[in-house]
Amino acid sequence: MYHPQDIVELLRDNLFKTGNPFGLSSQRINTWWKDAGLPQQGEYHLFTGLMYQMLPYIEVATDQMEKWENSRLADNLSWLRYIPKSLAGLGLSIMTPGPEKRQYQQTLTSISSLLQRSGVDIAYRPDADLYSGILLYDLGDVDGFIQHAERVLQGLRAKGISKVVTVDPHTTYALKVLFPYYLGPTLEVSAYFQLLRLQGNGQASDMTIHDSCFYSRFLQISDVPRQILADVGVRTRDIQSNGAYTHCCGGPAESISPSLAREVGDHRFDQLKENETPIVSMCPICFANLRKNGAEVHDLATVLASHAE
């Protein structure tokens, strides 16, 4: 296990200097929107929080961290703060396979297309799409999270944005619950699937749902994806630990202990594979960690896109 304080200090340093906890340039990783054809003005603004964009890079980084976890390097992680951010980000980008980047970008394209097909007046401004800071909060750096959240909120207000549509559970929880709790009344926040109105194309399939902790336990909206999937012809099958009683995929532990994250993910996959059907996930972190543990897992947006007319 890595020393939590070293991890927090590294992530905070990256976030405050680059706007990204992993020191990645937004211009480098956030390119999906260029071919999406979304306007910059609309009733709702898509706010990805850069989670899907970061995941392929995070997977590469945590694979390396897992190799170092029980070595001497794990005790000297703090020195990474002194590597120039542009150099570290470039190195991580070179190590990350192109197909992985494109896969996560395609998920965002599917989400924007589903919203448009549902008649949602959706817009996107890449300069207003920032990381939420949720990882600092998860690791106990509440002051750092609040400081970053204030910058995010100021940027959205300066652009006249008051209604946002989020695409992952961590960002949704940050903007819908944590921002107003610490900063007062802020934004109208909707998870993208709450706005979808879809019909099926006649294709039917059976899938097992893996519930996100934030969507099901804290935001209590895990019934909505089930209804949308039913609308497009996907028969969902639950396991015993579902909904508010879902189990973690292990992914959130990766920054501290990749080996622990893999162990938790193995346990969750053992539960999910009892139904012997493909798994549908609605969180990029869950998707990545379950896939790493050998699961046949599909993102909710890609499932909906393939079944909707």
Length-normalised contact order of the chain, Cα under 8 Å, at least 6 apart, in percent, tallies to 20
Within the stretch 7-52, DSSP-loop trypsin sites (Lys or Arg not before Pro) with at most 16 other C-beta atoms within 10 Å are none
Of TYR181, TYR173, TYR52, ordered by accessible area with the largest first and a 1.4 Å probe, the sequence is TYR181, TYR173, TYR52
Excluding ligands, DNA and RNA, the carbon-plus-sulfur percentage of the accessible area of the stretch 1-69 with a 1.4 Å probe reads 49
Two pseudo-spin positions, 7 Å from Cα along C-beta at ASN275 and at SER306, lie apart in nanometres by 1.5
Counting sequence-distant residues (5 or more places) and residues on other chains, those with an amide H built under 5 Å from that of LEU198 are none
Given a 1.4 Å probe, the accessible area of the stretch 118-242 per residue, as a whole number of Å², is 41
Of the accessible area of the stretch 91-232, computed with a 1.4 Å probe and all protein chains kept, carbon and sulfur make up a percent value of 48
Measuring from its Cα centre, the chain shows a charge dipole (+1 at each Lys and Arg Cβ, -1 at each Asp and Glu Cβ) which, in debye to the nearest 20, is 720
Sorting LYS176, LYS163 on solvent-accessible surface, 1.4 Å probe, most exposed first, gives LYS176, LYS163
Between GLU188 and HIS3, the FRET efficiency computed from the C-beta separation at R0 = 30 Å comes out, to the nearest 0.05, as 0.15
Order by accessible surface, 1.4 Å probe, largest leading, for residues SER216, SER113 comes to SER113, SER216
antiparallel share of DSSP beta bridges within the chain, to nearest 5, in %, is 5
Looking only at lysines whose Cα falls under 30 Å of LYS17's and that sit 8 or more positions away or on another chain, we get LYS34, LYS67, LYS85, LYS101, LYS159, LYS163, LYS176
The answer for the stretch 243-309, accessible area per residue at 1.4 Å probe in Å², is 37
In nm, the gap between the two label points placed 7 Å beyond Cα toward Cβ at ARG235 and ARG151 is 5.1
Contour minus Cα-Cα span, GLN103 to ALA36, at 0.36 nm per residue, comes to 22.7 nm
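The values are calculated or read from the model by the stated rules, or taken from the named source; none is laboratory data. Note that the structure is predicted; figures quoted are calculated from it, not measured. Heads up, the Cβs are rebuilt from the backbone with ideal geometry, glycines too, and the neighbour counts pull from every protein chain shown. Protein only, heavy atoms only, side chains kept; ligands, DNA and RNA dropped before computing areas. Shrake-Rupley method; radii C 1.70, N 1.55, O 1.52, S 1.80 Å.
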